[in-house]
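Data first, discussion second: the structure below is written as structure tokens.
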Amino acid sequence: MASIVIRGRGALGGVAEGPALISRRTITGWGGIDVHTGRVKEPGHPLEGMRLKGSVLILEGSRGSNGWSIFFHAAQVAGFGPAALVFPHLDSRTAVTAAVLNVPMVTDLEDDPFDIISVGDRVRVDGDRGEITLIGGSGDGGCRCR
Amino acid sequence: MELTDTQKAILDGEGGRAPQKAMALIVRYAGVLGAERLCRVTWADLFCGAHHYLDVAVSDDFDRIFSTMALCTTQAARLEKMNRGCICYSGVEVDCTELPGHMLAGPNRQVQNLAMLRRFVDAGVVLSGTCVPYLLGFIPVAGEHFVSCESSAVLFLNSLWGACGNGDGIEASFCAAVCGYTPLWGLHLPENRRATHLVAVRSRPESVHDWDVLGHALGRQLPPMAVPVLTGDFARPDAIRLKAFFASLACTAGTEICHLEGITPEAGSIDQALGGNPEQGRIIVSDRDTAESVDGLNGNPRGPIDYISLGCPHYHIDELRRIAAFLDGRRIHPDTVVHVWTAGPFKYMADRCGYTETIENAGARVLTGSCPSTRGYPSGVRTAAYDSAKQRLSAAQETDAQLYYGSLDQCLQTAISGTWEGH
């Protein structure tokens with residue numbers, strides 16, 4: 001399939017790709033991430049049981065405690081961090097998370113990624129050009145989220 | 001990005017390695033936000049101690065843990081002092097003062113926690129041990145810039161006092177406290193503090209519980225990043241009601257500032273709250289919305305209760321007075337453990353007033369410094385009840401117990417009978 005490009009602002013440079021871990025419903029940081037496995041453990045969340053490691057994490061925003069960034073950060077320190085981040089609109093908690101993880105990150109998107117990208121799709125994040133590219137659907141990219 | 005000579009000097013390492021690393025993170029954070037400048041931070045409410053997520057650093061060395069987890073650097077930097085001119089609180093801690101080590105994961109954790117707290121004290125941090133710093137001397141005045149790791153405190157301080165702070169996160173709060181600056185962005189700028197959504201409150205909240213429920217019912221409807229201004233025919237809420245309201249609103253919607261017409265300082269009128277901007281939306285909170293919130297938080301019928309945790313956010317002394325008045329001469333059910341959480345200075349007052357003795361004679365414990373969310377739950381708990389939506393929501397992430405939610409009176413009656421009677 002042809003690749004689809006969504007443009008935005010590159011907030012942290014570099015290029016990375018991986019399977020999309022995407023949800024319009026954000027994850028609660030405090031208690032929502034198992035830092036020792038990098039898995040989403042929020043009960044009933046669409047991404048429950050899936051792993052952050054190597055993923056392109058695409059979330060609408062943050063939720064709950066100010067202890068949001070530290071859970072993604074702790075998972076990264078344990079070796080289970082995401083490869084890249086996409087937050088369509090920034091709030092202070094998502095911005096701290098990006099600054100702390102220091103992986104390629106794009107924000108201020110021109111199109112709604114939640115209408116275009118599905119869980120497991122292969123996605124490239126180019127933080128230098130401010131672009132995210134849908135390389136292939138889950139059939140091509142292979143869902144490695146579980 | 002524009003840095004002053006002072007800020008550049010810190011970034012160049014003239015203030016030492018820890019401030020240098022802290023400033024590097026703050027500058028990167030500002031870059032992510034697209035902020036053009038930094039602002040001076042004079043109050044920092046931190047999150048100190050051996051919290052469980054620090055285990056990933058796999059080290060017993062304070063400076064290595066602090067460098068990795070707070071300063072976000074792989075090079076160990078020794079924490080000497082927090083920034084001069086920034087008053088620092090430890091925040092709610094991982095262990096409680098009255099039952100130390102009781103629910104921590106082994107004796108090593110307790111030793112590590114005390115050693116870490118000692119280093120923070122040496123660096124100039126006050127051991128506040130509370131999630132309600134704003135009731136205990138943490139007083140950034142209107143227009144002053146603060147950081148806080150406590151979402152409900154951010155909402156309270158912005159909304160009620162007109163102080164300026166964002167949600168940030170634990171790492172950015174530490175870095176701001178070490179280097180003395182944070183990005184001038186978001187609620188640090190007056191133009192971002194104006195109301196975006198008009199909220200018509202039709203549920204006529206009166207009690208603390210009504211306001212706690214209202215926070216959840218409104219939070220479920222608010223879009224991300226919205227700044228609500230509340231209007232409606234309700235009795236003027238006091239700080240204790242607003243404490244509950246802000247806690248449940250913050251944890252449900254992530255709201256960081258909320259105006260109330262005629263009550264909060266930036267909302268003398270709706271026009272003032274909007275600041276000349278058009279409203280982006282209107283929200284109505286009806287009795288039906290609040291009833292749905294209560295049902296959603298408490299779908300459980302009658303049943304025995306193993307554990308009741310009260311005091312989220314930590315109780316004010318007047319709430320302790322009320323509990324003591326209820327429990328005076330009564331006896332808590334032997335199969336129900338009741339913990340009443342407050343801040344150390346309020347417990348001191350309660351001790352002097354005899355409230356602690358009355359509450360503990362009835363069979364409950366008055367505890368300070370922590371809460372079940374940060375220190376864990378007693379073992380063997382199958383059913384637990386709360387008077388706080390925040391605590392109820394947080395518990396769902398941390399325990400498999402069946403969870404109940406109701407007013408303080410309902411929780412106290414349950415404490416006596418040992419059985420939740422439904423709502």
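Just so you know, all these numbers are worked out from the coordinates, no wet-lab data involved. All of these numbers come straight from a predicted model, not from anything done at the bench. All Cβ positions, even for glycine, are placed from backbone atoms using ideal geometry, and neighbour counts span all protein chains on display.
Shown in residue order for segment B:61-78 are the 3J(HN,Hα) couplings computed by the Karplus curve 6.51 cos²θ - 1.76 cosθ + 1.60 at θ = phi - 60°: 8, 3, 5, 5, 4, 5, 5, 5, 8, 10, 7, 6, 9, 7, 8, 5, 10, 6 Hz (x for Gly and Pro).
All other residues with a Cβ under 12 Å from the Cβ of B:VAL338 taken together, and with Lys, Arg as +1 and Asp, Glu as -1, what is their net charge? Could the numbers behind the result be given before it?
Numbers: positive: B:ARG330, B:ARG331, B:ARG365; negative: B:ASP306, B:ASP335, B:GLU360, B:ASP387.
Spelling it out: positives minus negatives among the neighbours equals -1.
By its C-alpha gyration tensor, with a ≥ b ≥ c as the square roots of the eigenvalues, how is segment B:194-295 shaped: rounded for a/c under 1.5, else prolate for a/b larger than b/c, else oblate? Since a/c reaches 1.5 and a/b is larger than b/c, the shape of segment B:194-295 is classed as prolate. Here the ratio of the Cα radius of gyration of chain B to 2.2 N^0.38 Å is 0.99. Applying D = kT/(6 pi eta Rh) to chain A, where Rh is the Kirkwood radius over alpha-carbon pairs, T corresponds to 37 °C and eta to 0.692 mPa s, the Stokes-Einstein value obtained is 226 µm²/s.
If neighbour count is taken as other Cβ atoms inside 10 Å, put B:LYS8, A:LYS53, B:LYS390 in order from fewest to most. Please report the intermediate quantities before stating the final value.
Values: B:LYS8 12, A:LYS53 20, B:LYS390 28.
So the ranking, lowest neighbour count to highest, is B:LYS8, A:LYS53, B:LYS390.
For chain A, the longest principal axis of the alpha carbon atoms and the long axis of helix A:92-101 meet at an angle near 80°. Counted by Cβ distance under 12 Å from B:TRP420, the other residues give a net charge of -1, where Lys and Arg count +1 and Asp and Glu count -1.
Given that compact globular proteins tend to follow 2.2 N^0.38 Å, what is the ratio of the alpha-carbon Rg of the protein assembly as shown to that value?
On the way: Rg = 23.0 Å, N = 569, 2.2 N^0.38 = 24.5 Å.
Dividing the Cα radius of gyration by 2.2 N^0.38 Å gives 0.94.
Treating each Cα of segment B:139-242 as an identical point scatterer and ignoring solvent, apply the Debye formula and state log10 I(q)/I(0) at q = 0.11, 0.12, 0.13, 0.14 Å⁻¹. Log10 I(q)/I(0), no solvent term: -0.39, -0.46, -0.53, -0.62.
Neighbouring Cβ atoms within 10 Å as the yardstick, rank B:SER148, B:SER379 fewest first. All intermediate terms of the calculation are to be shown ahead of the outcome.
On the way: B:SER148 31, B:SER379 6.
Exposure proxy ranking, most exposed first: B:SER379, B:SER148.
What fraction of the DSSP beta bridges in the protein assembly as shown is antiparallel, stated in percent and rounded to the nearest 5?
Details: 25 of 72 bridges.
Rounded to the nearest five, the antiparallel share is 35 percent.
For a test of the definition: using alpha carbon positions, the gyration tensor, and the 1.5 limit on a/c, classify segment B:329-423 as rounded, prolate or oblate. Oblate, since a/c reaches 1.5 and b/c is not below a/b.
When the Gaussian network model of chain B links Cα atoms closer than 10 Å, the mean-square fluctuations of B:ASP289, B:ASP45, B:ASP122 top out at B:ASP122.
Sort B:TRP420, A:TRP30 so the one with the fewest other Cβ atoms within 10 Å of its own Cβ comes first.
On the way: B:TRP420 24, A:TRP30 21.
Lowest to highest Cβ neighbour count: A:TRP30, B:TRP420.
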